[in-house]
Amino acid sequence: MQQGPGFYRRRVGDAVVTVLSDGWLDGSTDIVVGIDDAEKHAVMARHFRKPGPLRLALNSFLIAHNGRLAMVDAGGGPNFNPGTGKAAANLRAAGHTADEIDTVLITHLHPDHILGLLDDTGAARYPNATLRVHAAEHAHWHSDAAKAATPEPFQVFFDAARNVCAAYAGRVALHEDGEVFPGVTALPLPGHTPGHTGYHVRGEEDLLIWGDIFHIPELQARHPQTQIVFDVNPELAAKTRTATLARVAEQRQLVAGMHLCFPAFSHLRADSAGYSLVPELWLAEVF
Ligand SMILES: [Zn+2]
């Protein structure tokens, strides 16, 4: 049965931020390491998550500001996973066309975040977009030495990153921090990948689009020190996650992420057992 269109809008300062669902990934809690299986399964059961294939949300975002349109990541596209590839249709459902996007802010170059930038022929899906990527991120995935040092099953990630950057040749602009789109600041959150970056949308109430600080929110909110098998630098990823969660909870900052349950806008509450995500109320109007 057909679901309703997967987009949701919210105003942040002078911008309107739209979350686009790209669908879902079927994974497993096996991707989280540094915690024993009994505790892992107990946390998931407490969150009403059944054993078996674990469905993870996959989102991308639009930021509309003063006639310009940026996208933050683009999902995995139709060939990545049976559940992915819905962002392009949801972009149209939200009333936009691919050629309106002038900037794509990349949180990191993992395939579930970037393969949606390609069309079925492997060409750029967004013909007028410049990709904004952290310099360390671009360097890592284009390094033959880094590829050779990576376990063989993960080497395809390098090919995906290189293919996407090649499809946008001449339109890849590197940054490290600072303003990358009107009202939007890049915030390096390294570890998961070397140039993993959050995007801070400034407004009366700030929004941090934090990329992959969480993959399995239920588990990592309770156990921020755990690591993900895809982390390039697992210790740094855990350190960055721990510091980011503490800051976001303390500042009562609004967050959104690529693997937070759609439509993703949430706050983070600290409690005696770690943190909990508190989803924001779904509103039928954009105020
Ligand atoms: Zn991801």
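Details
- Computed with a 1.4 Å probe over protein heavy atoms only, the accessible surface of the chain comes to 45 Å² per residue.
- Restricting the stretch 97-196 to GluC sites (Glu not before Pro) in coil, as DSSP defines it, with at most 15 other Cβ within 10 Å: GLU176
- Where the Cα pairs of the chain fall when distances are cut into 10 Å bins, in %: 6, 30, 39, 21, 3, 0
- In order along the stretch 46-51, the phi-based Karplus estimate (6.51 cos²θ - 1.76 cosθ + 1.60, θ = phi - 60°) of 3J(HN,Hα) comes to 5, 9, 6, 9, 7, x Hz; Gly and Pro are listed as x.
- Of interest is the spacing of the C-alpha centroids, which for the stretch 11-65 and the stretch 188-235 amounts to 12 Å.
- Between the listed residues THR242, THR103, VAL255, the Cα displaced farthest toward the positive end of the dipole of the chain, a dipole computed from Cβ unit charges relative to the Cα centre, is found at VAL255.
- Amide H within-cut-off set for THR130, under 5 Å, with H built and near neighbours excluded: THR103, VAL104
- In the calculated pair-distance distribution of the stretch 8-105, the portion above 20 angstrom amounts to 49 percent of the Cα-Cα pairs.
- For the chain, size of Cβ-based charge dipole, Lys and Arg +1, Asp and Glu -1, in debye: 440 debye
- Here the chain has 55 percent of its accessible surface on carbon and sulfur atoms, given a 1.4 Å probe and all protein chains in place.
- Principal axis dimensions, largest first and in whole angstrom, of the stretch 104-147 by Cα: 30, 19, 16
- For the stretch 7-279, with +1 on Lys and Arg beta carbons and -1 on Asp and Glu, the positive-most of GLY77, ALA149, ASN90 along the dipole: ASN90
- Note on the chain: helix-only mean residue ellipticity at 222 nm, from DSSP H runs of 4+ residues weighted -39500 (n - 2.57) and normalised by residue number, equals -6500 deg cm²/dmol.
The values are calculated or read from the model by the stated rules, or taken from the named source; none is laboratory data. Everything numeric here is computed off the predicted structure, so don't read it as measured data. FYI the Cβ positions are ideal-geometry reconstructions off the backbone, even for glycines, and counts take in every protein chain you see. Surface areas here come from the heavy atoms of the whole protein model, side chains and all, with no ligands, DNA or RNA. Shrake-Rupley method; radii C 1.70, N 1.55, O 1.52, S 1.80 Å.
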